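Working notes for the structure below.
The values are calculated or read from the model by the stated rules, or taken from the named source; none is laboratory data. As the structure is a prediction and not an experimental result, all values here were calculated from the model. Neighbour counts are summed over all protein chains in view; Cβ atoms, including those assigned to glycine, are modelled from backbone coordinates with ideal geometry.
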Amino acid sequence: MARVELNGTSLIYGSGGGVSDVSLAVEDGEFVALLGPSGSGKSTLLRLIGGFLRPDAGTVVIGEETVAGKGRWVPPERRNLGMVFQQHAVWPHRTVAENVTYPLKLAKVGRSEREERVRESLTLVGLDGFGKRRPETLSGGQRQRVALARALVGRPAALLLDEPFASLDAALRDRLRAELGALAGRTGVTIIHVTHDRTEALALADRVAVLKEGRLEQVAPPREIYASPKTPFVASFVSDATLIPVETVGEKRFAPSGGGAAFEVGEVLAPDGSSREGTLALRPQDVEIIPGGSAVVRAALFMGDSCEVYLEWEGQSLRSRTPADTRLESGARVRPVFARGIFFADGQTTE
């Protein structure tokens, strides 16, 4: 296992996009999720670590070795990394064991050791006894576990995962997430996991690194990044917060910048009160609704354990997460009550 470190790493594509001046240290045995929307640079970062792309600036360090930097380049096959992609790329003409043993054959590992390590890897991913099976007899989730076993069989310094569950159905994704979390605990392998699914990132990772337009917005443990986002983007992307430009008109009172009635927020996280203008982030679970008022219900969606209510209020679109037994018709008039909000003063973040 090994520590993975990016120091001021940049790669800008000719057509735009990429990553800029990213510094991130993933400790030995740590599970870090790279989270962000499409085009945020998370897969680019993973490929820079894996050696499939060369940085324009900065360095990539794995363990004690600089594998990319000025005058230094180590190709992917010499970085001792395991990698699993969204498409499992399991060879259909080979058995499960033959798929998993392939990296060991390339490394000229002896036959008896190969067989032992293949058995060990298949057991780790819950496929003990599947060695003689053909990929066409396996489910999608089982094939993805074959790919995971193949990535682990070489005992890599770190495991790189590029949205490995994205093409699977929801129930299977949930089951494999749980298995991956247990696997990380059993092996102690360093894991860097790319995903656009915040639920997946929050559930699995020791720390979450949120990217926007090629830059790191925040790196923190899941509970911290959810409860104390440093930027409006993190609040919006991680917890579906509604972002409202406001100005303060009292200790816990705000008025929309574009005009509208002032309103009060029960609890306000405000890192810097020196600016009257800024952005207020309101998470759906912090927006309560009561009958009567100026807000109009646009939709109320039953989600099983809750109800997602979409409102029009003071020229703003709001979301409220209410109990599952909520009964609201489209067009109903309600009043939002704000239990908690996060105020980002202009030019400030929640350090």
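Some notes on this structure:
- Contacts under 7 angstrom Cβ, first residue in the range 321-337 being under 12 Å from GLY292 (Cα atoms) and in the same structural domain as THR242 (by TED's automatic domain parsing), partner of a type outside the set (A, V, I, L, M) and surrounded by 18 or more Cβ atoms within 10 Å (Cβ to Cβ), 6 or more apart: PRO336/TRP313; PRO336/SER320
- Contact annotation: residue pairs with Cβ atoms under 9 Å, 6 or more positions apart or on different chains, pairing a residue in the range 83-105 that is under 29 Å from LEU48 (Cα atoms) with a partner that is hydroxyl-bearing (Ser, Thr, Tyr) and in a helix (DSSP H, G or I), are TRP91/TYR102; VAL100/SER121.
- Some residue of the range 164-178 being touching a strand residue (DSSP E or B) at 6+ places or on another chain (Cβ under 6 Å) and surrounded by 19 or more Cβ atoms within 10 Å (Cβ to Cβ): yes
- Filter result (at pLDDT 95 or above, surrounded by fewer than 19 Cβ atoms within 10 Å (Cβ to Cβ) and either farther than 27 Å from SER10 by Cβ or over 14 Å from the mean Cα position of the chain (by Cα) (or both)) within the range 203-221: GLU213, ARG215
- The range 46-82: number of residues that are aromatic (Phe, Trp, Tyr) and within 27 Å of SER121 (Cα to Cα): 1
- Out of ASP21, ASP28, one residue alone is acidic (Asp, Glu) and not in a strand (DSSP E or B). It is ASP28.
- Selection status of ALA170, modelled with pLDDT under 85 and of a type in the set (A, V, I, L, M, F, W, C): yes
- All of THR279, THR248 fail the test of being at pLDDT 90 or above, farther than 27 Å from ASP197 by Cβ and of a type in the set (Ser, Thr, Tyr), apart from THR248.
- Residues in the range 48-63 that are free of Cβ contacts under 8 Å to residues at least 60 places away in the same chain and not small (Gly, Ala, Ser): LEU48, PHE52, LEU53, ARG54, PRO55, ASP56, THR59, VAL60, VAL61.
- Taking the conditions (1) in contact with a strand residue (DSSP E or B) (Cβ under 8 Å, 6 or more places away or on another chain); (2) on the phi > 0 side of the Ramachandran plot in turn, LEU161 satisfies each one other than (2).
- Candidates are the residues of the range 80-98 that are buried (at least 16 other Cβ atoms within 10 Å of the Cβ), touching a helix residue (DSSP H, G or I) at 6+ places or on another chain (Cβ under 7 Å) and not hydrophobic (A, V, I, L, M, F, W, C); the one that is modelled with the lowest pLDDT is HIS88.
- Only residues that are of a type outside the set (A, V, I, L, M) and within 18 Å of LEU48 (Cβ to Cβ) were counted across the range 179-216, and they come to 7.
- Sole exception among (1) over 25 Å from the mean Cα position of the chain (by Cα); (2) within 21 Å of PRO232 (Cβ to Cβ); (3) in a strand (DSSP E or B); (4) not aromatic (Phe, Trp, Tyr) for LEU318, by number: (1)
- Any hit, the range 60-67, residues being of a type outside the set (Asp, Glu), crowded, with 23+ Cβ neighbours inside 10 Å and under 18 Å from the mean Cα position of the chain (by Cα): no
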